[in-house]
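Enquirer: This structure is in structure tokens; I'll ask about it shortly.
The values are calculated or read from the model by the stated rules, or taken from the named source; none is laboratory data. No experiment lies behind these values; they were computed from the predicted model shown. Positions of Cβ are generated from backbone atoms using ideal geometry, with glycine treated the same way; all protein chains shown enter the neighbour counts. Quick note on the areas: whole protein, heavy atoms, side chains included, nothing else; ligands and nucleic acids left out. Shrake-Rupley method; radii C 1.70, N 1.55, O 1.52, S 1.80 Å.
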Amino acid sequence: MRIGIDYRPVTAAPHSGIARQVLALEQALLAEGCELLRFSMAPEGHPHRQLAICPPAATASNGLHRPRSRLAFELGFLPGALRAHGVDLYIATANSGLPLRRPPTLRRQVLLLHDVFQLTLPGRHASWLHGRVYGGMDRFLIGHAVRGADAIWTPSQFSAAALARLYPRAAERTSVLPNAVLPLAAPSPASDPALPARYWLVVGTREPRKNIPFLLQQWNALRGDGHALPDLVLIGDPADVPAHLSALAGLHWRSGLSDAQLSRLYHDAERLLHPATAEGFGLPVIEALSCGTPVAVATGSALDEITPAQALRFDPRDVVQLNSALLAAASGRGEQETPGALMMSARRYSAGPYQQRVAQLLQEAWR
């Protein structure tokens, strides 16, 4: 079986959560002995122009997500390329990306759909017009992919249920493929000297659903009342939150980290906080657990599925519950939050179980 995968997420943002899932899928398919072809767009001189099958014309690195580039790839380039290279099964890896004209030689199409928040929740855009254009493009391309896929793989029951509410006919073609959480890089030998000995970690601040302003308001209020809460280290951009919150005393913003630096932060953190109102999986939670670092997570989304029972939980819209969780976290680990127990819970998402599930779903998709 000759399998093609959409490699554009790895080209566009190699350290993103979606890119890491594409890389995990790539390794699982290769481990199964599949003949694998990668399809992408890339700038001139980019190594993926050698690794992947790309259009003849180069695409600027800042143009990979633009509607014109996406349409040119999925309508003008991809159908012919899949036919020319004899691809039997093609996997779109980023919520959309199936060819807009399915070649008759393509026997199966699979959609890796991480979540449907692009359709159900507001996102961050440069302007109102930018949001309207990208929102319309997302509705068209995701709808096309959902309707055209022979199989749809989502990382959680939460995402599968959300998809079924939008596209009821997709339910019978949808299966859960929990994300793979591959081992983190070895942590940097030395801790960041600018950070305090005690801190809580927050990974990801861009989207409104991450609920960071609510967390910062309550964390700051408790500290103002005299509670000894640790500082916060946030992986993101201060511009993601209102200006009066981004410069609060005790906040430490980090971005552009190497894998080793990020691993160091996970290992050194006293706890990871994940206050999102909606989450399709929650990769930082499993990454923290794999380091033996305890977590405190919001309820009501896929975090309910992936987080072990001993973790602290709170309603992401309830002040009392969040404050209670923060005060409990400040008192230290719970009796059952030992590093060994936390790392054991993370192993459900290691490469072995992921590869087995991919093999099973491939067989089902090929029937």
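Enquirer: What are the residues in the stretch 256-271 that are among the charged types (D, E, K, R), in contact with a Pro (Cβ under 9 Å, 6 or more places away or on another chain) and part of a helix (DSSP H, G or I), if any?
Expert: R264, D268 - these are the residues of the stretch 256-271 that are among the charged types (D, E, K, R), in contact with a Pro (Cβ under 9 Å, 6 or more places away or on another chain) and part of a helix (DSSP H, G or I).
Enquirer: Right, something else. Out of all the residues in the stretch 229-247, which are without any contact (Cβ under 8 Å) to a residue 24 or more places away in the chain and either crowded, with 18+ Cβ neighbours inside 10 Å or assigned to a strand (DSSP E or B) (or both)?
Expert: S246
Enquirer: Are there any pairs, at least 6 apart or on different chains, whose C-beta atoms fall under 6 Å, with the first in the stretch 48-67 and closer than 17 Å to M137 by Cα and the second not acidic (D, E), and if so, which?
Expert: Correct list of pairs: G63/S69; L64/A12; L64/M41; P67/M137.
Enquirer: Run down L222, L216 and say which single residue is more than 27 Å from C291 (Cα to Cα), out of contact with any Phe, Trp or Tyr (no Cβ under 8 Å at 6 or more places or on another chain) and open to solvent by less than 20 Å² (accessible area, probe 1.4 Å).
Expert: Values: L216 fails: more than 27 Å from C291 (Cα to Cα).
Exactly one residue qualifies, and that residue is L222.
Enquirer: Write out, first by first residue and then by second, each pair whose Cβ atoms fall under 7 Å of each other, whose residues are 6+ apart or on separate chains, and whose first residue, in the stretch 250-266, is under 19 Å from R198 (Cβ atoms) while the second is assigned to a helix (DSSP H, G or I) and small (G, A, S).
Expert: Y266/A288
Yes or no, residue by residue, for (1) surrounded by fewer than 14 Cβ atoms within 10 Å (Cβ to Cβ); (2) in a helix (DSSP H, G or I):
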site: Q50; (1), (2): yes, yes
site: P56; (1), (2): yes, no
site: N62; (1), (2): yes, yes
site: L82; (1), (2): no, yes
site: V87; (1), (2): no, no
site: P99; (1), (2): no, no
site: Y134; (1), (2): no, yes
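Enquirer: Within the stretch 16-48, take every residue that is more than 29 Å from T205 (Cα to Cα) and among the charged types (D, E, K, R) and give me the one that is surrounded by the most Cβ atoms within 10 Å (Cβ to Cβ).
Expert: The extreme case among them is R38.
Enquirer: Let me spell it out: the conditions are (1) open to solvent by 30 Å² or more (accessible area, probe 1.4 Å); (2) in a loop (DSSP other than H, G, I, E, B); (3) in contact (Cβ under 8 Å) with a residue 40 or more places away in the chain; (4) not charged (D, E, K, R), and H144 meets all of them except one. Which number is the exception?
Expert: All conditions are met except number (2).
To keep it simple, each residue is scored yes or no on (1) in contact with a Phe, Trp or Tyr (Cβ under 8 Å, 6 or more places away or on another chain); (2) among the β-branched types (V, I, T).
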| position | (1), (2) |
| --- | --- |
| V10 | no, yes |
| L25 | no, no |
| L29 | no, no |
| M41 | yes, no |
| P47 | no, no |
| A52 | yes, no |
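Enquirer: If you don't mind, there's one more thing I want to ask. N95: outside any loop (DSSP other than H, G, I, E, B) and either open to solvent by less than 60 Å² (accessible area, probe 1.4 Å) or polar (S, T, N, Q) (or both), yes or no?
Expert: No, not satisfied.
Enquirer: For the stretch 198-215, name all the residues that are closer than 16 Å to F281 by Cα, β-branched (V, I, T) and not in a loop (DSSP other than H, G, I, E, B).
Expert: Scanning the stretch 198-215 gives V202, V203.
Enquirer: Suppose we keep only residues that are closer than 10 Å to V203 by Cα and open to solvent by 10 Å² or more (accessible area, probe 1.4 Å) within the stretch 275-285. Which one would you say is farthest from the chain's Cα centre (by Cα)?
Expert: P284
Enquirer: List every residue pair whose Cβ atoms sit under 7 Å apart, with the two residues 6 or more apart in sequence or on different chains, where the first one lies in the stretch 199-222 and is polar (S, T, N, Q) and the second, anywhere, is surrounded by 19 or more Cβ atoms within 10 Å (Cβ to Cβ) and in a helix (DSSP H, G or I).
Expert: Listed by first residue and then by second, the contacts come to T205/I212; T205/D240; Q218/L322; Q218/L326.
Enquirer: Could you list, in sequence order, the residues of the stretch 155-173 that are touching a Phe, Trp or Tyr at 6+ places or on another chain (Cβ under 8 Å) and either of a type in the set (S, T, Y) or open to solvent by 30 Å² or more (accessible area, probe 1.4 Å) (or both)?
Expert: S156, S159
Enquirer: Which residues, counting only those in the stretch 290-315, are over 20 Å from L184 (Cβ atoms), open to solvent by 10 Å² or more (accessible area, probe 1.4 Å) and outside any loop (DSSP other than H, G, I, E, B)?
Expert: If the condition is that a residue be over 20 Å from L184 (Cβ atoms), open to solvent by 10 Å² or more (accessible area, probe 1.4 Å) and outside any loop (DSSP other than H, G, I, E, B), then D304, E305, L312, R313 are the ones that fit.
Enquirer: Tally time: how many residues in the stretch 316-367 are of a type in the set (S, T, N, Q), in a helix (DSSP H, G or I) and over 30 Å from T93 (Cα atoms)?
Expert: 3
Enquirer: Among the residues of the stretch 316-361, count how many are of a type in the set (A, V, I, L, M) and either open to solvent by 80 Å² or more (accessible area, probe 1.4 Å) or within 22 Å of the chain's Cα centre (by Cα) (or both).
Expert: 9
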